Amino acid sequence: MTDFFSYVIFYPYPLGEGKNNIKLKIIFCKFMKPAVKKECLKRMSYLKGHLDGIKKMVENDAYCIDVIKQNKAVINALHKVNELILGSHFDTCVVSAALGRSKKKQQSMVQELMGIYKTSNKI
């Protein structure tokens, strides 16, 4: 698989009046928008460095509250990365499933989103 396409959905949409006025439209479900992927990777590289810095703080017996503050900064930054990924998911895979004819895929997508919602309320 490539970084850009996971599957293709064909769905009919009417062009106007009459039986013969139906055309198939192709919707690509992308793994992630390339710009979002680039931004996420950049943020994750920054976070990796930040975590290494926190590890050094612990090794050097830094003040506990300072370590916790830095941990919270990393957690907040990870939340932002997840927001970017989820936004891309909505723009690509969720839209494709919603416009497609597969009820099973639509239901699966709803269950995925509900799972994310339930998990986010526990954190």
*What number of residues within the range 93-114 are surrounded by fewer than 17 Cβ atoms within 10 Å (Cβ to Cβ) and small (Gly, Ala, Ser)?*
3
*Do you know which of the residues in the range 13-55 that are in a strand (DSSP E or B) and of a type in the set (Phe, Trp, Tyr) is modelled with the lowest pLDDT?*
TYR13
*Determine whether the range 64-71 contains at least one residue that is basic (Lys, Arg), out of contact with any strand residue (DSSP E or B) (no Cβ under 6 Å at 6 or more places or on another chain), assigned to a helix (DSSP H, G or I) and within 30 Å of MET109 (Cα to Cα).*
no
*Residues that are loosely packed, with under 11 Cβ neighbours inside 10 Å and of a type in the set (D, E, K, R), drawn from the range 49-92*: ASP52, LYS56, GLU59, ASP61, LYS72, GLU83
*Answer from SER102, SER88 - the residue that is among the polar types (S, T, N, Q) and in contact (Cβ under 8 Å) with a residue 60 or more places away in the chain*: SER102
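The values are calculated or read from the model by the stated rules, or taken from the named source; none is laboratory data. What you are looking at is a predicted structure, and each value in this text was computed from that prediction instead of being measured. Positions of Cβ are generated from backbone atoms using ideal geometry, with glycine treated the same way; all protein chains shown enter the neighbour counts.
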